[in-house]
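Report on the following structure.
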Amino acid sequence: MVLGFDAAWGFAPADQTSPALASQAGALIDTRMTGERVTELRIHGVSGSDGPTMLEHPQALQVAGDAVAGFYRRWSPDGAGKPSVPWKLEAYSWGGLTEAPLASASWLLLAPFMMYNVAYFMLPPTVPGSEPAVIEQPVPHLRRDRGHLIAHALLRLLAMAATVQFAAAAGAVTMSTVAWQAAGPVHLLLPNWMGWYGAWTAGWRVALALASVGLIIALLWWISVTTASKYEARTSVAQPRLREAWPLTQPGFWRGQVLVGRQRALHVAAAGSSVALIAVLPAGHPAAARWVAIVLAAAVLAAAVVSATLPLADRYTVTTVQGGRPNGEEPDGTPSGGRADQWCTGLLIAALATLVISAVVSGWTDRQHGRQPGALPGLPAFLAILLVVQAVLLILLMVTVMVLARRARDAHTGTGGKADRTRRPYLGGNLTTLLAALGFALGGLLTAVINFGATRLLGTPEPSGFHFTPVPVDALAVPWPVFAFGAAPVGLLIGAIAAAIVLFLRYLRNSREFRAPKGDAHSPVAAAYAASTAGSAGGHGDGDQKAYQRNRGAIARAWAMGLIVDDADVATALAVAGTLVLVLAAEIAAAADAGSAGHPSRLSDVWHGAAAVVALIALAVAAWLVTLLRQTYSDPAKRKTIGALWDVGTFWPRAVHPLAPPCYAERAVPEVVDRIRLLTGHFTKEPTDIAYLKHQAGLPNLERTRELTVPSGPLLLTGYSQGSVIAPAVIAQLPQQILPEVALLTLACPARRLYGRAFPAYFGPRDLTELANLLNAKTPGQEPVPGQVPGRWKNLRRRSDYIGSWIFEEPAQQLDGAYLQDHIDQPCQDPVILSQDANPTPPPIHRHSQWWQDPRTNEVGGYLIRLLLSRLVACSPLHTG
């Protein structure tokens, strides 16, 4: 394989030199290792990482990829030298796929959309029935039951309702607050330079505002198209073998481009037709022209909603069953049909037509001048109906998920059965409902923040349907369904305080248990470090003695903090519950007061005071979130916290909401799969095979370079943190013939602790056991197979790690070769020793960080390298065809 950008003389603009120049100087370390055949490919975690950090080398060259994500190798101007990792090493840096979106505060507005995509993959696993689980045609895929079909449809409807809610929020600001209420020649609330706008009639002001909302919707469409071309468009021709026990092995799992395109057209059509409908909904008896616009907008909206429930917008049908190809498309990509795509495009064009018609009708029929009292006539009713629809859909989803979760628990399949709490799915498998409710609450909160912020800049916000007493001169009506969502920050705060109390009490309890001796037995901390403290001066090897009290307590607190994520579901449930309860109470109160229009509100004083407070809180929350988001981009410590949540959410494909932040794994997984096929020499000669194209690209220039190639051979795939989740997803997509030549090392791995409990259908015990089987790794309780090569999967575990954890069992504190060979989970002490309190500078506790530099990583990695080498010697030479 040629170490260059698809050519021997290819190079990256940011590097200090090129691979070709480095090879001419004999400075490429890996090409000088002529006797080494195994390559280790490292994948970093959520905080992002550069080449030198992952490669443990001061100089790194990019040899493949682009400016967003790429592959790096070591180089040294003085020659190969003696690197700390004495085998061929390569690093994949994918941080640019999430850092750019995370650095943009505008993505905050789309965060609620992401919740629905994540909720889709949190559904309980399918319970095998009497029919075969695997369906071979048109491409191999797993059967779906009726319960999941219903849940998928409900999630698509909720996602579309969120898009309509977003568009209605933009319409409430531009059409209702600015155009309808704030603009006018008398008592002008807009800036003086907009006096021309106030001179227009109300109808044409609304028409112009409607055009601005159309531009916002067009911007969402453009963002989705652009990100899809960078993420979902990257695919691989590799054909993995479908495993019934692991849905991630389905061939079309990471092929979402067709689905995203269809859903994008439907969502934009629904958004455009909904704001067109809001603009022409009348206050009294409408003109005939308005009826035409109302019927057209309602018809397009209904068609988009119904289409979202059909198989043409169903991820299971489009991506899984059809392998990510449009209906009728041939396996080589040649289109032979596309009625579904044409229908979705037609709805998009129809929605654009309704926007134009509604704008013209509004300007033509409404000739009122000056400011208009109250909110835009059709807006409060539309938002109230939307609110009721979302509530009904959430209730139906909750019931459906409860049935699926109970069925999965009864079958003891993929959910941990009657295992302890650390293995069972979060909230008993009902996390989908919680995430959908969180998306609903965040969408309403952002709607309230936008409306309160814009209205407060122009006047005094008050709920539509009644007035404060006394009535403010600059009163601007905010639709009462939106106004009531202003209670969400208060509910979120109450829920967060309750969650913090619960987590803190559990932290104190665990901390005491870890540091306190249990009867005649050692405390857990002292027992774990018994060997390291043996024979210590003054301590006689007893870590429970007073001489170790302070440092033992520090380790115990680190262990206790490492268990916080096990209660993440409880904390999230309390926060969401507090938000929903306060919002529900506020919505009921607002609806009751709005029903007494024309009369002073019984809660007038409360609403009046709350309006000012909520507006201030909303602006403060928005500013804080934007600031925090920007800091995470430049501050690695903050990025580990916020980035962990962000990267979990954007790991999963855009299954039900195409306007959400893009899925980086849609690019990363196929890219790494093809890189492994290139490194191991397993690629086809098809003109569409990217691995083959990259192999051929560098061959013509080989005569002009020296020492620029590395031989193909076995590969060790090492993943840290989120990289240890990407790595199993890559393993699942590798062709069967490559798997015997691949080993896996996971560091700080959240596959069981976080992903296994949150996504039991994809990383549950059954799925992780299947991963172990693919790599010949013996799981606890499994009898060894005579003559079988020892397992090629090892997982390093620190008890102080608050994200990563063990996969199958808590490892014993044994560092001998026998334990290393027979167990997947391996111990890694942090800190490396329990020192006495007299030591003024005890060893630092690294928790979830500094894994590449940990000597234990190279120790276990070296074992897997030797294991692959022994297999290479025992097998016939590798082929490259």
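From (1) open to solvent by 40 Å² or more (accessible area, probe 1.4 Å); (2) over 27 Å from Ala729 (Cα atoms), pick out the condition that doesn't hold for Asp822.
For Asp822, the exception is condition (2).
Looking only at residues that are modelled with pLDDT under 90 and hydrophobic (A, V, I, L, M, F, W, C) in segment 30-53, which one is surrounded by the most Cβ atoms within 10 Å (Cβ to Cβ)?
Out of the qualifying residues, it is Val46.
Which condition from (1) outside any loop (DSSP other than H, G, I, E, B); (2) in contact with a helix residue (DSSP H, G or I) (Cβ under 7 Å, 6 or more places away or on another chain); (3) within 30 Å of Ala547 (Cα to Cα) is the one that Ile845 breaks?
It is condition (1) that Ile845 fails.
Out of segment 153-189, which residues are more than 30 Å from the chain's Cα centre (by Cα) and either at pLDDT 85 or above or open to solvent by 10 Å² or more (accessible area, probe 1.4 Å) (or both)?
Thr174, Met175, Val178, Trp180, Pro185, Val186, His187, Leu188, Leu189
From the list Gly252, Gly261, Gly256, exactly one residue is under 23 Å from Ala660 (Cα atoms), at pLDDT below 95, surrounded by 24 or more Cβ atoms within 10 Å (Cβ to Cβ) and of a type in the set (Gly, Ala, Ser). Which is it? Before the answer, list the steps.
Values: Gly252 fails: surrounded by 24 or more Cβ atoms within 10 Å (Cβ to Cβ); Gly261 fails: surrounded by 24 or more Cβ atoms within 10 Å (Cβ to Cβ).
Result: Gly256 is the single residue among Gly252, Gly261, Gly256 that is under 23 Å from Ala660 (Cα atoms), at pLDDT below 95, surrounded by 24 or more Cβ atoms within 10 Å (Cβ to Cβ) and of a type in the set (Gly, Ala, Ser).
Only one of (1) out of contact with any strand residue (DSSP E or B) (no Cβ under 8 Å at 6 or more places or on another chain); (2) touching a residue at least 12 places away in the same chain (Cβ under 8 Å); (3) farther than 17 Å from Gly861 by Cβ; (4) in a loop (DSSP other than H, G, I, E, B) fails for Thr34. Which number is that?
Looking at each condition in turn, Thr34 falls short on (2).
Pairs under 8 Å by beta carbon, first residue of a type in the set (A, V, I, L, M) in segment 449-462, partner in a loop (DSSP other than H, G, I, E, B), six or more apart or different chains?
Pairs found: Leu458/Leu189; Leu458/Leu190; Leu458/Asp474.
May I ask you to say which residue of Pro282, Pro251 is within 21 Å of Leu376 (Cβ to Cβ) and in contact with a Pro (Cβ under 7 Å, 6 or more places away or on another chain)?
Going through Pro282, Pro251 in turn, the sole match is Pro282.
Among the candidates Leu435, Leu393, Leu376, Leu445, single out the residue that is at pLDDT 90 or above, aliphatic (A, V, I, L, M), buried (at least 23 other Cβ atoms within 10 Å of the Cβ) and touching a helix residue (DSSP H, G or I) at 6+ places or on another chain (Cβ under 6 Å).
Details: Leu393 fails: buried (at least 23 other Cβ atoms within 10 Å of the Cβ); Leu376 fails: at pLDDT 90 or above; Leu445 fails: at pLDDT 90 or above.
The unique qualifying residue is Leu435.
So which helices (runs of 4 or more DSSP H) stay within segment 567-683 end to end and still have 1 or more residues that are more than 30 Å from Ser805 (Cβ to Cβ) and at pLDDT 70 or above?
Helices (runs of 4 or more DSSP H) meeting the threshold: 568-594, 665-680.
Scan segment 801-816 residue by residue and report those that are in contact (Cβ under 8 Å) with a residue 40 or more places away in the chain and either open to solvent by 70 Å² or more (accessible area, probe 1.4 Å) or among the β-branched types (Val, Ile, Thr) (or both).
Result: Tyr802, Ile803, Ile807, Gln813.
Tell me which of these Gly756 doesn't satisfy, since it passes every other one: (1) closer than 26 Å to Trp559 by Cα; (2) open to solvent by 10 Å² or more (accessible area, probe 1.4 Å).
Gly756 satisfies all of (1) closer than 26 Å to Trp559 by Cα; (2) open to solvent by 10 Å² or more (accessible area, probe 1.4 Å) except (2).
Of everything in segment 803-842 that's outside any loop (DSSP other than H, G, I, E, B) and touching a Pro at 6+ places or on another chain (Cβ under 7 Å), which residue is nearest to Ser870 (Cα to Cα)?
This residue is Gln821.
Can Leu796 be described as in a helix (DSSP H, G or I), at pLDDT 90 or above, hydrophobic (A, V, I, L, M, F, W, C) and open to solvent by less than 10 Å² (accessible area, probe 1.4 Å)?
Considered against the rule, which asks whether it is in a helix (DSSP H, G or I), at pLDDT 90 or above, hydrophobic (A, V, I, L, M, F, W, C) and open to solvent by less than 10 Å² (accessible area, probe 1.4 Å), Leu796 comes out as no.
Inspect all residues belonging to segment 689-704 and state whether any of them is of a type in the set (Asp, Glu), open to solvent by less than 10 Å² (accessible area, probe 1.4 Å) and within 18 Å of the chain's Cα centre (by Cα).
no
Could you list all residues from segment 303-324 that are in a loop (DSSP other than H, G, I, E, B), in contact (Cβ under 8 Å) with a residue 60 or more places away in the chain and over 18 Å from Pro653 (Cα atoms)?
Passing the criteria: only Thr309.
The values are calculated or read from the model by the stated rules, or taken from the named source; none is laboratory data. Since we're looking at a predicted model, the values are computed, not measured. No Cβ is skipped: glycine too gets one built from the backbone with ideal geometry, and neighbour counts run over all protein chains shown. Keep in mind that these areas ignore ligands, DNA and RNA; they rest on the heavy atoms of the full protein, side chains included. Shrake-Rupley method; radii C 1.70, N 1.55, O 1.52, S 1.80 Å.
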